[in-house]
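Everything below concerns the one structure shown next.
The values are calculated or read from the model by the stated rules, or taken from the named source; none is laboratory data. Note that the coordinates shown come from a computational prediction; the quantities given were computed from them, not determined experimentally. Here the Cβ positions follow ideal geometry from the backbone for every residue, glycine too, while neighbour counts run over all protein chains shown.
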Amino acid sequence: MTRREHSPKAGGPLTLAVTSGKGGVGKTTVVVNLAVALARARSRVAVIDADFGLGNVDVLLGLQPVRHLGHVLAGACELEDILVRGPHDLRIAPAGSGLGELTALAPRHWARLQAGLERLGRDLDFLLIDTGAGISANVVNLVHAAGRALVVTSPEPTAIVDAYATIKVLTVRAAAPTPALLVNGAHGPDEADLVFRQLEAAVRRFLHRPLDSFGFIDDDAAVREAVLAQRAVVDSAPDAPASRAFRRLANRVASLVPPGGPGLRLVGRPAVAGSLPRVEASQCA
Ligand SMILES: Nc1ncnc2c1ncn2[C@@H]1O[C@H](COP(=O)(O)OP(=O)(O)OP(=O)(O)O)[C@@H](O)[C@H]1O
Ligand SMILES: [Mg+2]
């Protein structure tokens, strides 16, 4: 894979929101390793940690940011002020903590986020958004605003059922792009294929929609070791099965045709008004 292979001709980066029904199925692990795999291949990549209040993209990469998206949403900082550099020039907008009570962003918050993302997007090939688990208004709005949605599930029945519920909510809008499924923590291709076929059949039968497969990531002890070392497994153990799988996923994502729009469109989403906790405006002065 070479830089700008997917050539975002329409001006926006390829924007992919990563979500799940059940928590803990590996969204953040997937976002971090997909981003690092793309960045290793010299693509220009940014990660938005939109798991407001509980974000840990920075923790997985051993970074210690001072500012976070809460500062941007509150109008204290611009998006550019909070970006931290990860491996291979990856840019990360941390979610920070203390935003737990932010259940739904107000239109003015979306507007601030969009303005920053539009500027950032001019200089990007890929924009990856890590979301919280479940189907909150923020997650639904973010996924709808992104060009593509990647739903992560583990092979466990509970996670599969919750993935279906998430896909159902995400595909309520007729214009919603076809979601893609990634089975994380699979014990080989057969198990992953079974999970995909079960979900695809249910989505076709009951939601009358197709479902794309983005393959699977192996259940791999190297991933757990990389988490403990606060590194991406594609960097710390490039030959591990999971690392090979993340490179396959990166190639799949790089082959996508960009939606053709100017990145995210967040303004005007039917967001329920939310309130932001106070942040120190002086931190960006
Ligand atoms: N492919 C894998 N193989 C082995 N372990 C994995 C794999 N993917 C994730 N894990 C383990 O699962 C843990 C949870 O993953 P992660 O934090 O990425 O989940 P999440 O979906 O982002 O969780 P949350 O819903 O809380 O945001 C990781 O700390 C890691 O130890
Ligand atoms: Mg997470």
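Residues that are in contact with a His (Cβ under 7 Å, 6 or more places away or on another chain) and modelled with pLDDT of 95 or more: find the helices (runs of 4 or more DSSP H) completely inside the range 17-94 holding 2 or more of those. Working first, answer last.
Numbers: elements: 27-40, 57-60, 69-73, 79-82.
It comes to 27-40.
Return yes or no: is F206 among the aromatic types (F, W, Y) and either crowded, with 16+ Cβ neighbours inside 10 Å or within 16 Å of ligand 2 (Cβ to nearest atom) (or both)?
no
Examine the range 190-209 for a residue that is closer than 22 Å to I160 by Cα, more than 21 Å from the chain's Cα centre (by Cα) and not in a helix (DSSP H, G or I), and state whether such a residue exists.
yes
On the basis of being over 18 Å from V139 (Cβ atoms), buried (at least 22 other Cβ atoms within 10 Å of the Cβ) and out of contact with any Cys (no Cβ under 9 Å at 6 or more places or on another chain), does V227 make the cut?
Details: over 18 Å from V139 (Cβ atoms): yes; buried (at least 22 other Cβ atoms within 10 Å of the Cβ): no; out of contact with any Cys (no Cβ under 9 Å at 6 or more places or on another chain): yes.
Against the criterion (over 18 Å from V139 (Cβ atoms), buried (at least 22 other Cβ atoms within 10 Å of the Cβ) and out of contact with any Cys (no Cβ under 9 Å at 6 or more places or on another chain)), V227 does not qualify.
May I ask you to list pairs of residues, at least six apart or on different chains, whose Cβ atoms are under 9 Å apart, with the first in the range 47-64 being over 19 Å from A149 (Cβ atoms) and the second being in a helix (DSSP H, G or I) and more than 10 Å from ligand 1 (Cβ to nearest atom)?
Listed by first residue and then by second, the contacts come to G53/G70; L61/V36; L61/P87; G62/A229; Q64/D58.
Suppose we keep only residues that are farther than 21 Å from T15 by Cα and among the small types (G, A, S) within the range 29-67. Which one would you say is farthest from ligand 1 (Cβ to nearest atom)?
Among those residues, the one meeting the criterion is G62.
Sort out for me the helices (runs of 4 or more DSSP H) sitting completely within the range 106-171 that have 1 or more residues that are within 16 Å of ligand 2 (Cβ to nearest atom) and not β-branched (V, I, T). Break it down into steps so the answer makes sense when it comes.
Numbers: elements: 107-121, 137-145, 157-170.
Passing ranges, in order: 137-145, 157-170.
Return a yes/no flag: does the range 5-15 have any residue that is acidic (D, E), at pLDDT below 85 and either away from ligand 2 (no atom under 16 Å from the Cβ) or touching a His at 6+ places or on another chain (Cβ under 9 Å) (or both).
Checked the range 5-15: at least one residue is acidic (D, E), at pLDDT below 85 and either away from ligand 2 (no atom under 16 Å from the Cβ) or touching a His at 6+ places or on another chain (Cβ under 9 Å) (or both).
Filter the range 13-28 down to residues that are more than 6 Å from ligand 1 (Cβ to nearest atom) and closer than 14 Å to G134 by Cβ, then give me how many there are.
Of the residues in the range 13-28, the ones more than 6 Å from ligand 1 (Cβ to nearest atom) are 13-19, 21-22.
Imposing the further condition that a residue be closer than 14 Å to G134 by Cβ reduces the set to 17-19, 21-22.
Count: 5.
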